[in-house]
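Asks: Below are the structure tokens for one structure; questions will follow.
The values are calculated or read from the model by the stated rules, or taken from the named source; none is laboratory data. These figures come from a predicted structure and were not determined experimentally. No Cβ is skipped: glycine too gets one built from the backbone with ideal geometry, and neighbour counts run over all protein chains shown. What goes into the accessible areas is simple: the full protein's heavy atoms, side chains included, and nothing from ligands, DNA or RNA. Shrake-Rupley method; radii C 1.70, N 1.55, O 1.52, S 1.80 Å.
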Amino acid sequence: MSERAVLHVKGRILVGPDEVRDELWVVGGRISYDRPSGARDIRTVDGWVLPGLVDAHCHVGLDRHGAVPEDVAEKQALTDRDAGALLLRDAGSPSDTRWVDDRDDLPKIIRAGRHIARTRRYIRGYAWEVEPGDLVAYVAQEARRGDGWVKLVGDWIDRDLGDLSACWPRGAVEAAIAEAHRLGARVTAHCFAEDSLRDLVEAGIDCVEHATGLTDDTIPLFAERGVAIVPTLVNIATFPALADGGESKFPRWSAHMRRLHERRYDTVRSAHDAGIPVFVGTDAGGTLPHGLAADEVVELTKAGIPPAEALAAGTWAAREWLGRPGLDEGAPADLVVYAADPRADVRTLRDPRRVVLNGRVVG
């Protein structure tokens, strides 16, 4: 398409869960619901249209060993794009990916800075590793570095204990979260286990990643405070293999990981049923490949979330939560076209017919 070309998108435009239109136009890279006058160079695509998918937990510029070169990060972002994920919340990375913002052909990224972990309590090379007395300063640093989010490591294996345990004392997280909020940033935390959750929520945290340790005791607290979760079920599927690998050295941890995995669907369904906001995220970029947002939507339905709500968790609702537009008048034309109705079968999300980013057909 030339810069002056107009894109005409026809079919069923899924503007929202309950709003469907017959067509939209893309002029100058932005959405319009009014036919442009005098347009001559028109390209037409048709199908079932959604706003670009959201992966609310991934890591661009990261692999199992740490930061990666720009060409590898580019391939990661392109993989997400080609799978229809056009808005990414990078939930912690040691890489500087600001160069992506200058590329109209790559997904938009909302960054949470670099992970902040307790010393020797996270994957080597991923995080700033600090002690509680330095937590506030590092949170302030990453709040300024990110795009309105900060990422804490809320729990990890304690090698002396031989199991998962909370990383931070209550007072440290209270002060850190207050500082992030003062600077206009929201805070999320990696949490697999149970014992860090109450302190984090009562300290004012905004979101918890994974949240496999939710129980009947903490679910009402999350719901009352409006704390969101991003379950990353495609990542939780790796827990049995992780448990097998660590069983000889940390049998207590291995058994705990297996229990968290076994109840994963019940945990997510109970959270959803209690009114906790649930969003799509994959944890791609560590050990998992990118491009799995559609698979995560499918996983949410396996957990018992109704298909329409699972779809919203990776599109309309997720964009609203992150403060980014969908298929709104005047918004950047970031959309995905499918051959069939994804509301009828969310597996349709795995096979985009067309991907449009910033008004250009890129896939």
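Asks: Against the conditions (1) open to solvent by less than 30 Å² (accessible area, probe 1.4 Å); (2) under 19 Å from E224 (Cβ atoms); (3) out of contact with any helix residue (DSSP H, G or I) (no Cβ under 7 Å at 6 or more places or on another chain), where does E174 fall short? Just the number, please.
Replies: With (1) open to solvent by less than 30 Å² (accessible area, probe 1.4 Å); (2) under 19 Å from E224 (Cβ atoms); (3) out of contact with any helix residue (DSSP H, G or I) (no Cβ under 7 Å at 6 or more places or on another chain) applied to E174, the lone miss is (1).
Asks: Still on this structure, please answer the following. Considering only segment 246-267, state which residues are aliphatic (A, V, I, L, M) and out of contact with any helix residue (DSSP H, G or I) (no Cβ under 7 Å at 6 or more places or on another chain). Walk me through how you get there before you give the answer.
Replies: If we filter segment 246-267 for residues that are aliphatic (A, V, I, L, M), which is where we start, we get 255, 257, 260.
Across segment 246-267, the qualifying residue is only A255.
Asks: Look at L135 and say whether it is crowded, with 19+ Cβ neighbours inside 10 Å and outside any helix (DSSP H, G or I).
Replies: So L135 does not fit the description; no.
Residues are listed down the side, and each one gets a yes or a no for (1) modelled with pLDDT under 95; (2) outside the structural domain of Y126 (by the TED database); (3) buried (at least 22 other Cβ atoms within 10 Å of the Cβ); (4) closer than 17 Å to R89 by Cβ:
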site	(1), (2), (3), (4)
T188	no, no, yes, yes
C191	no, no, yes, yes
S196	no, no, yes, no
C207	no, no, yes, yes
H210	no, no, yes, yes
L214	no, no, yes, no
D217	no, no, no, no
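Asks: For segment 59-84, give me the residue count where each residue is under 14 Å from V362 (Cα atoms) and among the aliphatic types (A, V, I, L, M).
Replies: Final tally of qualifying residues: 3.
Asks: I'm trying to understand the selection: among the residues of segment 109-128, which are over 21 Å from I205 (Cβ atoms) and surrounded by 18 or more Cβ atoms within 10 Å (Cβ to Cβ)?
Replies: Within segment 109-128, I109 is the sole residue that qualifies.
Asks: Need the failing condition index for D101 against (1) open to solvent by 50 Å² or more (accessible area, probe 1.4 Å); (2) touching a Lys or Arg at 6+ places or on another chain (Cβ under 9 Å); (3) over 14 Å from V60 (Cα atoms), just the number.
Replies: If we test D101 against (1) open to solvent by 50 Å² or more (accessible area, probe 1.4 Å); (2) touching a Lys or Arg at 6+ places or on another chain (Cβ under 9 Å); (3) over 14 Å from V60 (Cα atoms), just (3) comes out false.
Asks: So which residues in segment 155-181 are assigned to a strand (DSSP E or B) and touching a residue at least 40 places away in the same chain (Cβ under 8 Å)? Break it down into steps so the answer makes sense when it comes.
Replies: Of segment 155-181, the ones assigned to a strand (DSSP E or B) are 155-158, 163-166.
Those that are assigned to a strand (DSSP E or B) and touching a residue at least 40 places away in the same chain (Cβ under 8 Å): D155, I157, D163, L164.
Asks: Same structure, new question: Failed condition for L152, given (1) in a helix (DSSP H, G or I); (2) surrounded by 17 or more Cβ atoms within 10 Å (Cβ to Cβ); (3) free of Cβ contacts under 8 Å to residues at least 60 places away in the same chain, with all others met?
Replies: L152 satisfies all of (1) in a helix (DSSP H, G or I); (2) surrounded by 17 or more Cβ atoms within 10 Å (Cβ to Cβ); (3) free of Cβ contacts under 8 Å to residues at least 60 places away in the same chain except (1).
Per-residue answers, yes or no, for (1) over 26 Å from R353 (Cα atoms); (2) outside the structural domain of A180 (by the TED database); (3) touching a residue at least 24 places away in the same chain (Cβ under 8 Å); (4) in a loop (DSSP other than H, G, I, E, B):
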{"residue": "H8", "(1), (2), (3), (4)": "no, yes, yes, no"}
{"residue": "V20", "(1), (2), (3), (4)": "no, yes, no, no"}
{"residue": "V26", "(1), (2), (3), (4)": "no, yes, yes, no"}
{"residue": "R43", "(1), (2), (3), (4)": "no, yes, yes, no"}
{"residue": "H57", "(1), (2), (3), (4)": "no, no, yes, no"}
{"residue": "V60", "(1), (2), (3), (4)": "no, no, yes, yes"}
{"residue": "T79", "(1), (2), (3), (4)": "no, no, yes, no"}
{"residue": "R89", "(1), (2), (3), (4)": "no, no, yes, no"}
{"residue": "S93", "(1), (2), (3), (4)": "yes, no, yes, yes"}
